[in-house]
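One structure below.
The values are calculated or read from the model by the stated rules, or taken from the named source; none is laboratory data. Predicted model only: the values in this text are computed from it and were never measured. Here the Cβ positions follow ideal geometry from the backbone for every residue, glycine too, while neighbour counts run over all protein chains shown. We work out accessible area using only protein heavy atoms, side chains counted, and drop any ligands, DNA or RNA first. Shrake-Rupley method; radii C 1.70, N 1.55, O 1.52, S 1.80 Å.
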Amino acid sequence: MREVGCPEEDLFSFLLSRRQEDLGYRNILSSMCTPPHPVAARAHAMFLETNLGDPGLFPGTAALEELLVERLGALMHHPKAGGYATSGGTESNIQALRIAKKLRPTTSPNVVVPASSHFSFQKACDILGLEMRAAPLNARFRMDTEALDGLVDRNTVCLVGIVGTTEYGMVDPIAALSDVAEDRDTFLHVDAAFGGMVVPFLDRPVPFDFRLPGVASISVDPHKMGMSTIPAGCLLTRDPSCFSHLNVETPYLTVKRECTLAGTRPGASVAAAFAVLEYLGMDGMRAVVAGCMENTRRLIEGMETLGYPRAVTPDVNVATFSCDRVPAGWRVSTTRNGHMRIVCMPHVTRDVIEAFLKDVSDTNA
């Protein structure tokens, strides 16, 4: 740290130089986040100093968190779901597995996840001392439920399904997983961090939520397709009392017990997430999702016209291709199988898609 403080003008000149090193979202095609909606930015600025780690000090912000959980619970067909605002899918997944482990004590606990699961499950299993068993995928990159008989046993504390897989944008057969969870009396967690704010707004949404009786918990990230500020995730549970298994004593706070993983928790992004949902409503979100899906279809059409076939037809707005030549100036990613991966977020507009396709054509001419 400097002995003498830096002049404000010099400081912000330095910060600006660092900010200019960032790519800016326009040419980033690999992110599952997007610039926040203007309403989110405005709401965030109103709650900068709030800390949900001690909610009694910020009762208005705590009330917004309850409303956010209620809105997301209703979207998942369970307005009375338990829940709280997390930092995102990783925290939500860790907490869901913590609950599942508490509910089924065993000396050799394991968790069954699809091979397409997010890397946060590796972190969660490492932290919690859980054996992670990966179920293979079928030809459409969804969990092969026929393989579960050899994986799920009496020590399985949790079964996991994904709604909107990170690499290929697929939805696992959650209805079938729900049946298995009920039959085996096993906790089923649905990681819908990305797809949870996409699938409900599709023309023909596939059931994946609390309508299915075996679903015990769901993770949803408003800072992805919900266009909130970062960080804004949410963990929802069918039974609100599940969170009591995670409580620790907090004697010097305004609340005497807390179940959250983080202590200090920002209230600003919670207010932002709630504001976007209220401002857009169901119709507004449907329009956003419809635009992203239309751009995904246009991208697939354009890439295939150029000779780069899709790896799979996605369920949500993630497109993958057999193409290893990336035009200069664009940021895309690659799946574990070597496919080019592009996420058609709200900032990836039709104009951006057309510009990218032109550069792909020019690069490979």
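So which residues in region 39-66 are within 21 Å of the chain's Cα centre (by Cα) and open to solvent by 60 Å² or more (accessible area, probe 1.4 Å), if there are any at all? Correct list: E66 only. If you go through region 14-34 and keep only what is in contact with a Pro (Cβ under 8 Å, 6 or more places away or on another chain) and not polar (S, T, N, Q), you end up with just Y25.
Sort out which residues of region 136-161 are part of a strand (DSSP E or B), open to solvent by less than 30 Å² (accessible area, probe 1.4 Å) and either farther than 16 Å from C125 by Cα or small (G, A, S) (or both), and write them in order of number. Listed by number, the residues that qualify are M143, G161.
The residue that is nearest to the chain's Cα centre (by Cα), counting only those in region 251-301 that are open to solvent by 60 Å² or more (accessible area, probe 1.4 Å) and among the hydrophobic types (A, V, I, L, M, F, W, C), is L261. Could you go through region 296-314 and let me know if any residue there is of a type outside the set (A, V, I, L, M, F, W, C), within 17 Å of S31 (Cα to Cα) and touching a Ser or Thr at 6+ places or on another chain (Cβ under 9 Å). Taking every residue of region 296-314 in turn, at least one turns out to be of a type outside the set (A, V, I, L, M, F, W, C), within 17 Å of S31 (Cα to Cα) and touching a Ser or Thr at 6+ places or on another chain (Cβ under 9 Å).
Scanning region 162-179 for residues that are charged (D, E, K, R) and closer than 17 Å to A319 by Cα, we see that the one that is surrounded by the fewest Cβ atoms within 10 Å (Cβ to Cβ) is E167.
If the condition is being in contact with a Lys or Arg (Cβ under 7 Å, 6 or more places away or on another chain), open to solvent by 20 Å² or more (accessible area, probe 1.4 Å) and over 14 Å from S361 (Cβ atoms), then region 303-348 contributes V332, S333, T334, H347. Determine, yes or no, whether S228 is surrounded by 22 or more Cβ atoms within 10 Å (Cβ to Cβ) and part of a strand (DSSP E or B). It is false that S228 is surrounded by 22 or more Cβ atoms within 10 Å (Cβ to Cβ) and part of a strand (DSSP E or B).
Of the listed requirements (1) open to solvent by 10 Å² or more (accessible area, probe 1.4 Å); (2) of a type in the set (S, T, Y); (3) under 18 Å from the mean Cα position of the chain (by Cα), S120 misses just one: (1). Within region 217-227, does at least one residue satisfy the condition of being closer than 30 Å to E182 by Cα and without any contact (Cβ under 8 Å) to a residue 60 or more places away in the chain? There is no residue in region 217-227 that is closer than 30 Å to E182 by Cα and without any contact (Cβ under 8 Å) to a residue 60 or more places away in the chain. Condition test on R204, is it within 18 Å of V69 (Cα to Cα), among the basic types (K, R) and in a loop (DSSP other than H, G, I, E, B)? For R204, the condition - within 18 Å of V69 (Cα to Cα), among the basic types (K, R) and in a loop (DSSP other than H, G, I, E, B) - is not met.
Only one residue in L103, L97 is closer than 23 Å to C234 by Cα, open to solvent by 60 Å² or more (accessible area, probe 1.4 Å), aliphatic (A, V, I, L, M) and modelled with pLDDT of 95 or more. Which one? First the steps, then the outcome.
Numbers: L97 fails: open to solvent by 60 Å² or more (accessible area, probe 1.4 Å).
Step by step, each of L103, L97 is checked, and only L103 is closer than 23 Å to C234 by Cα, open to solvent by 60 Å² or more (accessible area, probe 1.4 Å), aliphatic (A, V, I, L, M) and modelled with pLDDT of 95 or more.
Residue pairs whose Cβ atoms lie under 7 Å apart, separated by 6 or more positions or on different chains, with the first residue in region 180-207 and crowded, with 23+ Cβ neighbours inside 10 Å and the second part of a loop (DSSP other than H, G, I, E, B) and of a type in the set (D, E), are A193/D221; F194/D221.
In the set D351, D362, which member is part of a helix (DSSP H, G or I), modelled with pLDDT under 95 and not polar (S, T, N, Q)?
Being part of a helix (DSSP H, G or I), modelled with pLDDT under 95 and not polar (S, T, N, Q) holds for just one of D351, D362, which is D362.
Can we say A96 is closer than 30 Å to T254 by Cβ and of a type in the set (A, V, I, L, M)? Answer is yes for this residue.
Residues being within 18 Å of W330 (Cβ to Cβ), open to solvent by less than 60 Å² (accessible area, probe 1.4 Å) and either touching a residue at least 40 places away in the same chain (Cβ under 8 Å) or of a type in the set (A, V, I, L, M, F, W, C) (or both) are represented in region 7-27 by at least one member.
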